[in-house]
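Asker: I have a structure I would like to understand better, so I am pasting it below and will then ask my questions one at a time.
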Amino acid sequence: MTVTAAQGFLASGVAAGIKESGDPDLALVVNRGPSRAAAGVFTSNRVQAAPVRWSRRVLADGRISGVVLNSGGANACTGPAGAEDTRVMAEHTARAVGVGPDEIAVCSTGLIGVPLPMDQVTAGIDAAAGRLSPERGVEAAVAIRTTDSVHKTAVVAGPGWTVGGMAKGAGMLAPGLATMLVVLTTDADVTGAALDSALREAVRTTFDRVDSDGCMSTNDTVLLLASGASGVAPDPDAFAEAVHSVCLDLARQLVADAEGASKEIEVEVIGAASEGDAVTVGRSVARNNLLKCALHGEDPNWGRVLSAIGTTSAVFDPDRLDVAINGVWVCRDGAAGESRDKVDLSGRRITITIDLRSGDASAVIWTNDLTAEYVHENSAYSS
């Protein structure tokens, strides 16, 4: 169940000394081929970390051989020195694994504006290169954690081929991917163009619909690497579905581990005039802090759902809106429906269903409640 579940991949993770805690903080994922096809999707934030800029460039030809990832420092807003540090990470990794620097993507996560301790980073790369193994995918997943309470991995097996992956992310989860680093791998024989198509569609309906707190990172990166080691060229639709399944699994794990969360909330919008309308309404509801506080207190306050819907430009008639919370239609025709006393919010998972009654389109957004623990985590993060 790791990033090395697919044939042809090696991984490792070490404690390089980037984090003051001494926890693991540097990982490698290496593709031994025979194919080196790859694709990537990155943050849409206009302020982008040096590793994002580097990785965009090296992925331009649809081919990379590996990824070096560090936690403990984002290497974002670090100026020309940060760009140079990224180049050094790529070149050092390339030498350690025997490829060219333009075949290495770089990912970093952690506090913005703080230079990386490069002596520790390069020593960590050497140590990680010496530990590379198909059995050390979990090590890599652990090493990329920041405020994550657990490491996150997922695998889907196809007929003769596999898609696996790992992710980190627990805060600043918002569209434009969510705040995360994700490495996906497959041993299927797939071209770079096919990887790019499958990845972008999967991200669009999974990571891009995780919206924990409305905050977008500078470092979001999702990479998909193909080794072709299985020798099997999969059905394109089956392969795309497998990539989507792995992304969805990891996205749900991100929400489940959101900082301080006690509730995982699925906002399903149906009956929309367009998918765009459904997404817009879902995001508005998912970002409503009053509602998120109410759900933390196990209060099925459907009025706050309607208020959030009303701030959007989506097509709907306010007098025809229906809302269900955990299957109880507490709002019908824009007014009170079934008794809110019927709603059981004692469990961790909550589903809000919104019927705009304006068309056939739908979308789902995933979020979480707002808790005192979230405020504490993010007020103390840099200290």
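Asker: For the chain, what does the accessible surface come to per residue with a 1.4 Å probe? Please give it in Å².
Answerer: For the chain, the per-residue accessible area is 38 Å².
Asker: Taking every Cα atom in the range 1-111, find the radius of gyration and the maximum pairwise distance Dmax, and write them in Å.
Answerer: 13.7, 39
Asker: Under unit Cβ charges (Lys, Arg +1; Asp, Glu -1), what dipole magnitude, rounded to 20 debye, does the range 247-364 have relative to its Cα centre?
Answerer: In debye, rounded to 20, the range 247-364 gives about 240.
Asker: Solvent-accessible area of Met118, probe 1.4 Å, all protein chains present, reported in Å² to the nearest ten, please.
Answerer: Met118 exposes around 30 Å² with every protein chain in place.
Asker: What value, in deg cm²/dmol to 500, does the helix sum -39500 (n - 2.57) over DSSP H runs of n ≥ 4 give at 222 nm once divided by the residues of the chain?
Answerer: On the way: 10 runs with 118 residues, N = 383.
Helices in the chain give a 222 nm mean residue ellipticity of -9500 deg cm²/dmol.
Asker: What net charge do the residues around Ala240 carry, taking every other residue with its C-beta under 14 Å from that of Ala240, with Lys and Arg at +1 and Asp and Glu at -1? It would help to have the intermediate numbers written out before the result.
Answerer: Working: positive: Arg200, Arg204; negative: Asp196, Glu201, Asp235, Asp237, Glu241.
So the environment of Ala240 carries a net charge of -3.
Asker: Tell me which lysines have Cα within less than 28 Å of Lys292's Cα, excluding those fewer than 8 residues away on the same chain?
Answerer: Cross-link targets: Lys152, Lys168, Lys263, Lys342.
Asker: While we're looking at this one, here's another question. So how exposed is Leu69, as accessible area in Å² (1.4 Å probe, rounded to 10)?
Answerer: About 0 Å², rounded to the nearest 10.
Asker: Next up: Working from the alpha-carbon coordinates of the range 291-340, get Rg over Rh, Rh being the Kirkwood radius.
Answerer: Using only Cα positions, Rg/Rh for the range 291-340 is 0.97.
Asker: Which FRET efficiency value, to the nearest 0.05, do you get for Val375 and Glu275 by plugging their Cβ-Cβ distance into 1/(1 + (r/R0)^6) with R0 = 30 Å?
Answerer: 0.35
Asker: Would you mind telling me the share, in percent, of accessible area of the chain contributed by carbon and sulfur at probe 1.4 angstrom?
Answerer: Working: 7190 of 14380 Å².
With neighbouring chains kept in place, the figure for the chain is 50 percent.
Asker: Okay, moving on. For the residue pair Asp119 and Asp23, what label-to-label distance in nm results when each label sits 7 Å from Cα along the Cα-to-beta-carbon direction?
Answerer: Result: 2.5 nm between the two label points.
The values are calculated or read from the model by the stated rules, or taken from the named source; none is laboratory data. Small disclaimer: the values here were computed from a predicted structure and weren't measured. Because the Cβ atoms are built from the backbone with ideal geometry, glycine has one as well, and the counts that use them run over all protein chains shown. Side chains are part of the model used for accessible areas, which takes the heavy atoms of the whole protein and leaves out ligands, DNA and RNA. Shrake-Rupley method; radii C 1.70, N 1.55, O 1.52, S 1.80 Å.
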